[in-house]
1. Take peptides 85-91, 15-21 and line them up by average Cβ neighbours within 10 Å, highest first, as a rough protection proxy.
2. So, R0 is 22 Å and r is the distance between the beta-carbons of residue 11 and residue 118; what FRET efficiency does that work out to, to 0.05?
3. Quick one: order 75, 3, 140 by neighbouring beta-carbon count within 10 Å, fewest to most.
4. Report, in degrees rounded to the nearest 10, the 0 to 90 angle that the Cα long axis of helix 106-119 makes with the longest principal axis of the chain.
5. How long are the semi-axes of the ellipsoid equivalent to the stretch 1-64, from square roots of 5 times the Cα gyration tensor eigenvalues, in whole Å, largest first?
6. Could you work out the helix-only [θ] at 222 nm for the chain, with each DSSP H run of four or more residues adding -39,500 (n - 2.57) and the total divided by the number of residues, to the nearest 500 deg cm²/dmol?
7. Quick one: among 54, 23, 109, which has the greatest mean-square fluctuation in a GNM of the chain with alpha-carbon springs under 10 angstrom?
8. Can you tell me what share of the DSSP beta bridges in the chain is antiparallel? A percent to the nearest 5 is fine.
């Protein structure tokens with residue numbers, strides 16, 4: 001393995017109904033269980049995963065575009081869905097990525113999103129473990 005570039009640390013207590021904070025204090029959130037109906041206020045773990053995956057994937061998309069054609073305007077929306085795991089018990093997740101890219105044609109959007117999926121660390125970490133649906137969309141630049 002190569003040289004470590006970044007180390008991030010977070011501490012969670014009391015599970016998905018507890019609290020999570022980053023070691024540097026930038027993230028400091030109460031948690032609420034995903035499957036509970038509006039008990040308390042706070043983020044659920046799936047929201048945190050969706051936010052992190054969206055940021056990582058959009059960064060990978062920018063990198064892929066820079067290598068191919070230069071800078072692009074993009075927006076990545078990640079939807080994380082939680083299901084009961086009927087095979088093994090507990091729960092499982094799936095991910096749906098909507099990737100909007102301005103100023104490219106549909107084929108370029110597909111190519112850039114596919115390349116980003118190959119280089120994004122979150123995509124690498126989840127590949128083969130969860131179902132991920134990739135939905136690239138070419139969007140016209142506003143005039």
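Just so you know, all these numbers are worked out from the coordinates, no wet-lab data involved. Note that the coordinates shown come from a computational prediction; the quantities given were computed from them, not determined experimentally. Reconstructed Cβ throughout: ideal geometry from the backbone, glycine too, with neighbour counts over all protein chains shown.
1. 15-21, 85-91
2. The value I calculate is 0.10.
3. Ranked by crowding around the Cβ, least crowded first: 3, 140, 75.
4. 50 degrees
5. Numbers: eigenvalues 140, 52, 16 Å².
Semi-axes from the Cα gyration tensor: 26, 16, 9 Å.
6. It comes out at -10000 deg cm²/dmol, rounded to the nearest 500.
7. Result: 23 has the largest fluctuation of those listed.
8. The answer is about 65 percent antiparallel.
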